[in-house]
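Input: a single structure, listed below in structure tokens.
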Amino acid sequence: MSKVAHYLQEHLVGEVSASPEVRRHFARDASILQLAPAIVVYPRNESDVRKTASFCWQLAERGRPIPITARGGGSDTSGAAIGSGIMVVFTAHMNKILELDPKKEQLIIEPGATYDKAEQTLFTHGLFLPSYPASQQYATIGGGIANNAIGERSFKYGATGDFVEKLRVVLANGEVIETGVLSRRELSKKMGLSSFEGEVYREVDRLLEENAELIKQMSSGIRAKRNSVGYNLAQVRTQKGFDLTPLFVGSQGTLGIVTEATMKVVPYNPLTRMVMLSFDKLEDFQDTLPKIMALKPSICDMVSRGAIQQVIKINPHQLDGVLPAPAAAIHLFVEFDDHKDSAQKSALKNLKKIAERADAYAVVAHDLEDQEKLRKVRESVATILTEPHGQTKAVPVAEDVCVPPESLSDFLMAVNKIYENAGMKAATWGQAGDGVVRMHPMLDLAQIGDRQRLFKIADAIYAAAIKLGGSVSGSAGDGRVRASYGVYMYGEQAQGLMKKIKDIFDPMNILNPGVKFSTREEMRTLMRSDYHQAHRHEHLPRS
Ligand SMILES: Cc1cc2nc3c(=O)[nH]c(=O)nc-3n(C[C@H](O)[C@H](O)[C@H](O)COP(=O)(O)OP(=O)(O)OC[C@H]3O[C@@H](n4cnc5c(N)ncnc54)[C@H](O)[C@@H]3O)c2cc1C
């Protein structure tokens, strides 16, 4: 073990490892990149995290910076859950539900707990956290907050950040702060502190005040409903007050390390109604989508013809008996979960009328068994993610684009064309109601040609999304893989403002450096040639 690892082991309650095997394991997340940490720390409590940060800060002051990367389930697809310095892994010990108050509908939880774990407890109280991503079995609350994760029910309920009430965060120098909405008086008090926290409040307030116009312009330029690129500057100073929480949400561990989250939760209704609508033409789907969205479904997800064809190509009998219209351009899965049965019935009636007028083929699930069949179709895209085809594998690139829902069919047509030009067929799916489109091109990253194709496809897809007022990332974050596209979305000046925010929180660039601010060339040097998701097979992901 290195001197640094020995020092940390001496001062922390949690374990410290510099074993090559452990480092190799944490060298990868779910992205196409790899970068091995020098040391892995498994904190047992907040004090361990605080001490690690403060130690790295002191080293940086002496001109020997060691980066810190927080890590949850490692399912990040943007290359943000890897780092070369100390990796702080929360899943080992800091994974507990600390408090659940069913009356207040509030959950206090440690960052290393998975969404699944939270859900299991919440369900027993008739509650749930509706922003769970498809990776909920292994994705943690800390990772979900850091990426502002969304899921199938986000259309109705919102993203993970919408459920965060307050956070405990370890700052770059090891100080601990608690975020939450502050009145002007409370803010003044914070700004008066002589600590690093005081400096952060003073500097952020000043910067946002000076750039209020620019921030307004940035927000109006992007019409996507979900956007995880850069930092959420627009939500810090609002009518409600001043709150640093929205800055930490989606910040991918680059501004601070979350050690505890207070989350709002909502009542859960397991008795839902589900319908699959199959559209032969993209135009009919686009015309109908707003009418369906107006019915406020809890799920409004799509799977394209290309994705179904890809599943059948890999596994010819997987959809036997569950997919009556295999050649449809789009299958849309709509669910209603209103607590009043009469509201569900009425929404379903209206949906059937809309489907009839649009000439869409509708399959209504009459019972749980029928619902399972529809879920089998929707979740079949997992086959694309986990099964290789020849030497090629589904590569997470442009897998999380978000466009305004009214431009969805234009975007899907553009994607089809881009894939055709690359000599491939597009397989797309996603959250239609939110305008989130997912796709993983089948490529062999060992081949130089395919590595080049990957960038060509990504560039063209991101350009098409930006042109439509969309975002290159709706939820998974810009990380390293998409860091170079932020400037095309926001422009130089706004991107410069994001960097100033980073500099306020992390003046010595210790917290997950390279994430959100790196060049294409820096990213390329970290690319893997053997992309696979074998370690995820035990939790077959849904989408
Ligand atoms: C098959 C598959 C399906 C997916 N489906 C979805 C989906 O439906 N919706 C969606 O939004 N995403 C999805 N993702 C992406 C990913 O699962 C989510 O972004 C998830 O929230 C990441 O959680 P994690 O615990 O794995 O975090 P990690 O991958 O470990 O980390 C993610 C980021 O959070 C930071 N971080 C982790 N813990 C902390 C902390 N305590 N404090 C500060 N920063 C921290 C890390 O440094 C990193 O930048 C999917 C990924 C896969 C592989």
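How are the alpha carbon pair distances in the stretch 30-119 distributed across 5 Å bins from zero to the largest one, expressed in percent?
With 5 Å bins starting at 0, P(r) equals 3, 13, 19, 20, 17, 14, 8, 4, 2, 0, 0.
What are the extents of the Cα atoms of the chain along their three principal axes, listed from largest to smallest and rounded to whole Å?
68, 54, 45 Å, listed from the longest principal axis down.
In degrees from 0 to 90, rounded to the nearest 10, what is the angle of the helix 46-61 Cα long axis to the longest principal axis of the chain?
Result, in degrees: 60.
Over the residues of the stretch 427-488, compute the C-alpha Rg and express it relative to 2.2 N^0.38 Å. Provide the component values of the computation, followed by the final result.
Numbers: Rg = 12.4 Å, N = 62, 2.2 N^0.38 = 10.6 Å.
Ratio of Rg to 2.2 N^0.38 Å for the stretch 427-488: 1.17.
What do you get for the angle between helix 196-210 and the principal long axis of the chain? Use alpha-carbon atoms, 0 to 90 degrees, nearest ten.
Approximately 50 degrees, to the nearest 10.
More than 16 angstrom separation, counting every C-alpha pair in the stretch 1-40; what % is that? List each step's numbers first, then the result.
Working: 306 of 780 pairs.
When every Cα pair of the stretch 1-40 is considered, 39 percent fall beyond 16 Å.
Can you tell me the 0 to 90 degree angle between the C-alpha axis of helix 341-357 and the longest principal axis of the chain, rounded to 10?
60 degrees
Placing +1 at every Lys and Arg Cβ and -1 at every Asp and Glu Cβ, with all other atoms neutral, what dipole size does the chain have around its Cα centre, in debye to the nearest 20? If you can, show how the numbers build up before the last one.
Values: 66 positive and 64 negative charges, 95 e Å.
That gives the chain a dipole magnitude of about 460 debye.
Sequence gap at least 6, Cα distance under 8 Å: using those rules, report the relative contact order of the chain to the nearest whole percent.
Numbers: 1147 pairs, mean separation 95.2, N = 543.
Reported relative contact order: 18 percent.
Can you give the Rg and Dmax of the stretch 369-526 based on its C-alpha atoms, in angstrom?
Cα radius of gyration and Dmax of the stretch 369-526 are 17.2, 56 Å respectively.
Per DSSP H run of n ≥ 4, the term is -39500 (n - 2.57); total these for the chain, divide by its residue number, and report the mean residue ellipticity at 222 nm rounded to 500 deg cm²/dmol. Working shown, then result.
Working: 20 runs with 202 residues, N = 543.
Rounded to the nearest 500, it is -11000 deg cm²/dmol.
Leaving out ligands and nucleic acids, and using a 1.4 Å probe, what accessible area per residue does the stretch 1-152 come to in Å²? Intermediate values should be presented prior to the final figure.
Working: 5740 Å² over 152 residues.
Normalised by residue count, the accessible surface of the stretch 1-152 is 38 Å².
Based on alpha-carbon positions alone, could you give the equivalent ellipsoid semi-axes of the stretch 97-143 from the gyration tensor, as √(5λ), descending, whole Å?
Details: eigenvalues 59, 27, 13 Å².
They are 17, 12, 8 Å, listed largest first.
Over the stretch 197-242, with the other protein chains present, what is the accessible area per residue in square angstrom, probe 1.4 angstrom? Kindly include the intermediate steps, with their values, before the conclusion.
Values: 2420 Å² over 46 residues.
Dividing the accessible area of the stretch 197-242 by its residue count gives 53 Å².
Hey, if you drop one equal point scatterer on each alpha-carbon of the stretch 272-376 and run the Debye formula without solvent, what base-10 log of I(q)/I(0) do you get at q = 0.13, 0.16, 0.21 Å⁻¹?
The computed values of log10 I(q)/I(0) come out as -0.45, -0.68, -1.11.
Among 374-384, 109-119, 350-360, 56-66, what's the highest-first ranking by average C-beta atoms within 10 angstrom per residue?
On the way: 374-384: 20.4, 109-119: 22.8, 350-360: 16.5, 56-66: 15.0.
In decreasing order of mean packing, 374-384, 109-119, 350-360, 56-66 become 109-119, 374-384, 350-360, 56-66.
Given a 1.4 angstrom probe, I'd like the percentage of the accessible area of the chain that is carbon and sulfur, rounded to a whole number. If you can, show how the numbers build up before the last one.
On the way: 10930 of 21960 Å².
Answer for the chain: carbon and sulfur cover 50 percent of the accessible area.
Express the C-alpha Rg of the stretch 314-443 as a ratio against the empirical globular expectation 2.2 N^0.38 Å, rounded to two decimals.
Expressed relative to 2.2 N^0.38 Å, the Cα Rg reads 1.18.
Measuring with a 1.4 Å probe in the full set of protein chains, what accessible area per residue, in whole Å², belongs to the stretch 435-495? Don't skip to the answer; put the middle values down first.
Values: 2070 Å² over 61 residues.
Value for the stretch 435-495: 34 Å² per residue.
The values are calculated or read from the model by the stated rules, or taken from the named source; none is laboratory data. Note that the structure is a prediction, hence the values are computed from the model and not measured. No Cβ is skipped: glycine too gets one built from the backbone with ideal geometry, and neighbour counts run over all protein chains shown. The area values use the complete protein model at the heavy-atom level, side chains included, leaving out ligands, DNA and RNA. Shrake-Rupley method; radii C 1.70, N 1.55, O 1.52, S 1.80 Å.
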